Amino acid sequence: MYERLRDCPALSEYPSRIPAEIWNVWRRYWMRFRRPTCFGMEDLPPMSMLLDEREWVLVDSSLYDMPIVAWTDFQDAGRTALHESVSCTVRDYHQGAPKVRNKALLLMAEELEARLHHDSRKDSRMGTAVACRGLTPTSWDDPESGDI
């Protein structure tokens, strides 16, 4: 959990839904790597996205990682179809959050898709060893990934 969320009061909190296309990319990424990750949002400088299993947080890196918007309380238990969106709670911590919220989700999905594609290209070069690996990747797998 991103501890700063406890320190900052949310300006608003409301139920929302994550589109299935975005959620499915996230689940593929999480099932493959099973580790929290962080990356900069090139189209939204100086924003960064912090992701873990329970929450996604868009932060402003120029303001000491102040949260801008957070998606939490994902309700994916019992989800039976890949085309269904996932309910969640959105918390806005900045008055500009509504302007960047949807773009941040799209950029997040693009970044995760690129990481999955990059990893699958590495796997195809490894041949049959990938099927036997069975372990989650560690920092030595890709030192330039920027994952935490």
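Read-outs throughout are calculated quantities, based only on the coordinates presented, and are distinct from any laboratory measurement. Just so you know, these numbers come straight off a predicted model, no measurement behind them. Neighbour counts are summed over all protein chains in view; Cβ atoms, including those assigned to glycine, are modelled from backbone coordinates with ideal geometry.
Just a few scattered comments:
- Among the residues of the range 82-114, those identified as out of contact with any strand residue (DSSP E or B) (no Cβ under 8 Å at 6 or more places or on another chain), surrounded by fewer than 19 Cβ atoms within 10 Å (Cβ to Cβ) and in contact (Cβ under 8 Å) with a residue 60 or more places away in the chain are Leu82, His83, Glu84, Gln95, Lys103, Leu106, Glu113.
- Condition check for Val25 on (1) more than 29 Å from His117 (Cβ to Cβ); (2) in a helix (DSSP H, G or I); (3) in contact (Cβ under 8 Å) with a residue 40 or more places away in the chain: one failure, at (1).
- The set of residues in the range 66-90 that are in contact with a Cys (Cβ under 9 Å, 6 or more places away or on another chain) and farther than 18 Å from Arg27 by Cα comprises Met66, Pro67.
- Yes/no for Asp65 being touching a strand residue (DSSP E or B) at 6+ places or on another chain (Cβ under 8 Å), of a type in the set (Asp, Glu) and on the phi < 0 side of the Ramachandran plot: no
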